[in-house]
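**Student:** Sharing a structure, written as structure tokens. Questions coming.
The values are calculated or read from the model by the stated rules, or taken from the named source; none is laboratory data. The shown structure was predicted, so the numbers you read here are calculated from the model rather than taken from an experiment. Heads up, the Cβs are rebuilt from the backbone with ideal geometry, glycines too, and the neighbour counts pull from every protein chain shown. Accessible surface is based on the protein model in full, side chains and every heavy atom, while ligands, DNA and RNA are left aside. Shrake-Rupley method; radii C 1.70, N 1.55, O 1.52, S 1.80 Å.
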Amino acid sequence: MTKRILCIFISVLMLLSVMSIAASALGETYYMEGPDFVRAMRFPGDEVHVKESGGKTLTPRYSNGLPGAFTFYSQLNANQKRAYDVIVEAKAGLDLASDSASSVDIPIHYYLTKSEFDAFWSNSVMGNAIEGALAAVIEDYPEYFWIGGLGWGAGASSTSGKYDVTITLNLPLDTSAYANFGVVRNYYNGLIQAVDSFKAVGGNRYQMLKSIHDQIAKAVSYDTDFNNPIAHQPTSVFFAPFEPVCEGYAEALKLICDKYGIPCIGVVGLGNGGAHKWNYVQMEDGKWYGMDLTWDDQSSVMYDYFLVGSQTKNAFFGQATFGDQHSPTGEEFNGSSVTLTYPTLSTTSYSLAVPNMNSTLSFDATNNRVYFGKNATLRSEFFALCNYSNPAQISGQTVTVLGTTTGATVTVNNGGTTRVYNAVRWGDVDANNTVNTTDYNKIKAVVGGTGTIADNTPNEAAADFDGDGVIDGIDLYYMNMYLNGNIDY
């Protein structure tokens, strides 16, 4: 399985000294050119085995700004962010290139003082800005699928001690897949339309992710012959012959998660020692979990790599841990000093302790609380998402619920790690398993100064509808609306 990786081929000598040409008594002009980066694919032999009936071995696989969403942009320095912003504004050249072009130039301006210019005008500093920006853009915007490499040159002029540096970023197409930008535009428009029309179903994030996971796996087949020229791009999931490799799977998954506001990133590194790409997804508990849709797409849809932790052992691929099989590197460019940093992966699989699948549920991981609505029935349900045959039955992994309403405890044991949540039923301030006018009057008394609710308790949390830590008139208003069915939680 191949990851997106751009290997460096030095097509020009790195200019370590600055060439300056006097333009006038008041100004100077400078030029510099950086190395070219050319996309290259590798096909290591990392065979994946599954224990199916008859002991068959599956076909070898080879692979390589929404609110609240994780972006690699946040990791960049100021120089990189400037380049990133310009690249995104130009849609990685889509808004600049003619239909017949096979590459595009994107000018990026930096306006600097003399001291800033002296620190900036070097091959390493400017190269770091461009490489870092493009690495982040590739992962934050998988819809810019046509990038086949990069090259850059820089020019600068000074007037009265002020410097205008223009780095011209050249983005060549991956011409093995797309002959020119006219072809790219057709694919781009089709991709956006396909993502817009994709329907994920479910009442919570787990259900929606399972819907996305299953729909993609059932719609495509892995490109075992490596004959599909667009297999490395997300377009391969939505266009015939519907044969992606791991980059296509991972980037399509991210695009759809982005549509639904589910925090999701692509991760590059090594899978079983070979270049590979997969995903991390953040769930409502604030933790990040691993997903490898490529490896789950076998002769039937599997879940060995669905919302798992670094120490989760798969059930059908030798029982290795996800962390043993997946080693993130963050290296978008071989030989570059720029690497991406990923969020910390949970050590255990994602677990759900839910009232029922149709009720609203939220976890507050900071305060170890689980919130649910007035009509929900609290019960134990557990999904250990690493067992293909029966996800609900994993030895040693359980959810235990003691109580039925505000003040109950929900204990989640997942692979030896235990976490205890305090249950909070919205509005059930007196914890009698019913939300009624008695609870309303208790909140009213606190607001009027004639009553109290103990601080930092589940009972107080049940009354604090706006979550600001204070029981006031706003909470009383929400309680009235909630009690009368005008709003829901």
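**Student:** Might you check whether a residue that is in a loop (DSSP other than H, G, I, E, B), open to solvent by 50 Å² or more (accessible area, probe 1.4 Å) and at pLDDT 90 or above occurs anywhere in the range 348-371?
**Tutor:** No, the range 348-371 contains no residue that is in a loop (DSSP other than H, G, I, E, B), open to solvent by 50 Å² or more (accessible area, probe 1.4 Å) and at pLDDT 90 or above.
**Student:** Modelled with pLDDT of 95 or more and on the phi > 0 side of the Ramachandran plot - does that describe any residue in the range 233-245?
**Tutor:** Yes.
**Student:** Identify all residues within the range 163-210 that are surrounded by fewer than 17 Cβ atoms within 10 Å (Cβ to Cβ) and either among the aromatic types (Phe, Trp, Tyr) or assigned to a helix (DSSP H, G or I) (or both); write none if there are none.
**Tutor:** The answer is Gly182, Val183, Arg185, Asn186, Asn189, Gly190, Ile192, Gln193, Asp196, Ser197, Gln207.
**Student:** Something else: Considering every residue within the range 230-245, establish whether at least one is more than 25 Å from Ala92 (Cβ to Cβ) and among the polar types (S, T, N, Q).
**Tutor:** No, the conditions are met nowhere in the range 230-245.
**Student:** Right, here's the next one. Is it the case that the range 285-302 has a residue that's open to solvent by 10 Å² or more (accessible area, probe 1.4 Å), at pLDDT below 95, hydroxyl-bearing (Ser, Thr, Tyr) and not in a helix (DSSP H, G or I)?
**Tutor:** yes
**Student:** Something else: Considering the range 216-235 alone, what residues qualify as being assigned to a loop (DSSP other than H, G, I, E, B) and surrounded by fewer than 19 Cβ atoms within 10 Å (Cβ to Cβ)?
**Tutor:** Going residue by residue through the range 216-235, those that are assigned to a loop (DSSP other than H, G, I, E, B) are 220-234.
If the condition is that a residue be assigned to a loop (DSSP other than H, G, I, E, B) and surrounded by fewer than 19 Cβ atoms within 10 Å (Cβ to Cβ), then Ser221, Thr224, Asp225, Phe226, Asn227, Pro229 are the ones that fit.
**Student:** Kindly indicate the residue of the range 236-271 that is among the β-branched types (Val, Ile, Thr) and not in a strand (DSSP E or B) and also farthest from Ser197 (Cα to Cα) among those meeting that condition. Explain how you work it out, then say what you get.
**Tutor:** Narrowing the range 236-271 to residues among the β-branched types (Val, Ile, Thr): 237, 245, 256, 262, 265, 267-268.
Of the ones still in play, those that are also not in a strand (DSSP E or B) are 237, 245, 256, 262.
Details: Val237: 14, Val245: 23, Ile256: 10, Ile262: 17 Å.
Checked the range 236-271; the qualifying residue farthest from Ser197 (Cα to Cα) is Val245.
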